[in-house]
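The values are calculated or read from the model by the stated rules, or taken from the named source; none is laboratory data. If you're wondering where the values come from, they're calculated on a predicted model, not measured in any experiment. No Cβ is skipped: glycine too gets one built from the backbone with ideal geometry, and neighbour counts run over all protein chains shown. What goes into the accessible areas is simple: the full protein's heavy atoms, side chains included, and nothing from ligands, DNA or RNA. Shrake-Rupley method; radii C 1.70, N 1.55, O 1.52, S 1.80 Å.
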Amino acid sequence: MGETYEGGVPLAEVVRSGFVEGVHRGSVVVLDAAGVSVAAAGDVTSPIFPRSSNKPMQAVGMIRAGLPLADPADLALVSASHAGEDFHLARVGALLARAGLDESALHCPPELPMGDDARAVVLRAGGGPTRTQMNCSGKHTGMVLTCQAAGWPLDGYCRPEHPLQQRLREAVEEFTGEPARAHGVDGCGAPVLAVSLTGLATAYLRLVGAEPGSAPRSVADAMRTHPEIVGGTRADDTRLMRGVPGLLAKIGAEGVIAAAVPGVGAVALKIDDGAGRPRMPVLVSALRRLGVTAPVLAELAEVPLLGGGLPVGAIRPLW
């Protein structure tokens, strides 16, 4: 493979009233507990942007650079793509206030909450976009707190050449075992680094397998202990971490998700068209190849399609 993602294969089908009306293509890799690929489809060696699935590794880089967080729930927030529920916003606000800052210190753009329910609450109250409501505000809060602790300037903390971003790049490259083969600007304005799906799955396996008390294990443990902070009350990665003991998972934009179970293995996948709806059925199929079982997997194995408000079909895995 070259340095450009070659694209995937059919991974899920959209079936309505018994008729296949569409197919989602993508790529997926399954690693065993030793990090050996035991199943794969599509292009799993060329670089992709994992988007927010990079956040756990970035959180490790922040800890190593001096991020002063003692509460694991706060560390989960730094690793989150939160839904903007009240408990998310209160935690972001408290962290900023303790540092003598407000949301003007954050370089993420003002947005409405990502979660449908939280967005509706804001709109009903006559509210509008804010920086703390943006789903990456926990990561950005961690970034500014890390800069404060390290004595680095807050101004320009999202620039790739800033010492903070250099440290975070080192962490991503260390855990994926790959050099970042491209860099871009994520939706929140921070740098995003391109690695392969195999590298991404490797990183998650290393996070869950790290020594207790180490920075990577602290991130993995914080996310698994506080899954509702990582996503939200109804988020898919939250539901997975609640329902599968020991599982670490994090979604990323453009149809990406990575997950790992200690002593079992790891999965990383990307849906080519960026759709989120086939992501969980394909992930469930991949986890089952590792022998992972839990009631929540049956709940997420297919996504129902509605007609007239009633189920008339489903999105289901082909792989």
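Side notes on the structure shown:
- Scan of the stretch 91-101 for residues that are surrounded by fewer than 19 Cβ atoms within 10 Å (Cβ to Cβ) and either among the basic types (Lys, Arg) or in contact (Cβ under 8 Å) with a residue 40 or more places away in the chain (or both), ordered by number: Arg98, Ala99, Leu101
- When residues of the stretch 102-120 are limited to those that are in contact (Cβ under 8 Å) with a residue 24 or more places away in the chain and surrounded by fewer than 17 Cβ atoms within 10 Å (Cβ to Cβ), the one farthest from Gly252 (Cα to Cα): Ser104
- The residue that is farthest from Asp117 (Cα to Cα), among those in the stretch 137-155 that are out of contact with any Lys or Arg (no Cβ under 7 Å at 6 or more places or on another chain) and open to solvent by less than 10 Å² (accessible area, probe 1.4 Å), is Cys147.
- Residue list for the stretch 42-68, filter: small (Gly, Ala, Ser), open to solvent by less than 10 Å² (accessible area, probe 1.4 Å) and not in a loop (DSSP other than H, G, I, E, B): Ser53, Ala59, Gly61
- Of all residues in the stretch 287-311 being over 30 Å from Leu205 (Cα atoms) and touching a residue at least 60 places away in the same chain (Cβ under 8 Å), the one that is least open to solvent (accessible area, probe 1.4 Å): Leu305
- Any chance Val219 is open to solvent by less than 30 Å² (accessible area, probe 1.4 Å), in contact with an Asp or Glu (Cβ under 7 Å, 6 or more places away or on another chain) and closer than 17 Å to Leu75 by Cα: no
- In the stretch 227-247, the residue that is nearest to Leu168 (Cα to Cα) out of those that are more than 14 Å from the chain's Cα centre (by Cα) and open to solvent by 10 Å² or more (accessible area, probe 1.4 Å) is Gly246.
- The C-beta contact set for the stretch 160-176 (first residue within 20 Å of Gly209 (Cβ to Cβ), second residue crowded, with 16+ Cβ neighbours inside 10 Å and of a type in the set (Phe, Trp, Tyr), distance under 9 angstrom, 6+ apart or interchain) comprises Phe175/Tyr204.
- Looking only at residues in the stretch 121-136 that are touching a Pro at 6+ places or on another chain (Cβ under 7 Å) and surrounded by fewer than 23 Cβ atoms within 10 Å (Cβ to Cβ), the one that is farthest from Asn54 (Cα to Cα) is Val122.
- The listed residues are Gly243, Gly189, and the only one of them that is small (Gly, Ala, Ser), at pLDDT 95 or above and out of contact with any Cys (no Cβ under 7 Å at 6 or more places or on another chain) turns out to be Gly243.
- As a summary of the residue check, Ala171 satisfies the conditions (1) under 18 Å from Pro47 (Cα atoms); (2) of a type outside the set (D, E, K, R); (3) in contact with an Asp or Glu (Cβ under 6 Å, 6 or more places away or on another chain) except for the one numbered (3).
- Options Val92, Val122; residue that is of a type in the set (Val, Ile, Thr), farther than 28 Å from Arg159 by Cα and part of a helix (DSSP H, G or I): Val122
- Condition met for Glu178 (acidic (Asp, Glu) and under 17 Å from Ala65 (Cβ atoms)): no
- Pick from the stretch 186-215, criterion open to solvent by less than 10 Å² (accessible area, probe 1.4 Å), of a type outside the set (A, V, I, L, M) and in a helix (DSSP H, G or I), ranking: nearest to Gln166 (Cα to Cα): Gly199
- Evaluated against (1) closer than 27 Å to Ala259 by Cβ; (2) without any contact (Cβ under 8 Å) to a residue 12 or more places away in the chain, Arg124 falls short on exactly one condition, (1).
- Test: residue in the stretch 251-258 that is more than 15 Å from the chain's Cα centre (by Cα) and of a type in the set (Asp, Glu): no
- When Leu31 is tested against (1) open to solvent by less than 60 Å² (accessible area, probe 1.4 Å); (2) over 21 Å from Arg277 (Cβ atoms); (3) in contact with an Asp or Glu (Cβ under 9 Å, 6 or more places away or on another chain), just one condition goes unmet, and that condition is (3).
Per-residue answers, yes or no, for (1) open to solvent by 10 Å² or more (accessible area, probe 1.4 Å); (2) over 21 Å from the mean Cα position of the chain (by Cα):
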site: Val14; (1), (2): no, yes
site: Val20; (1), (2): yes, yes
site: Ala70; (1), (2): yes, yes
site: Leu89; (1), (2): yes, no
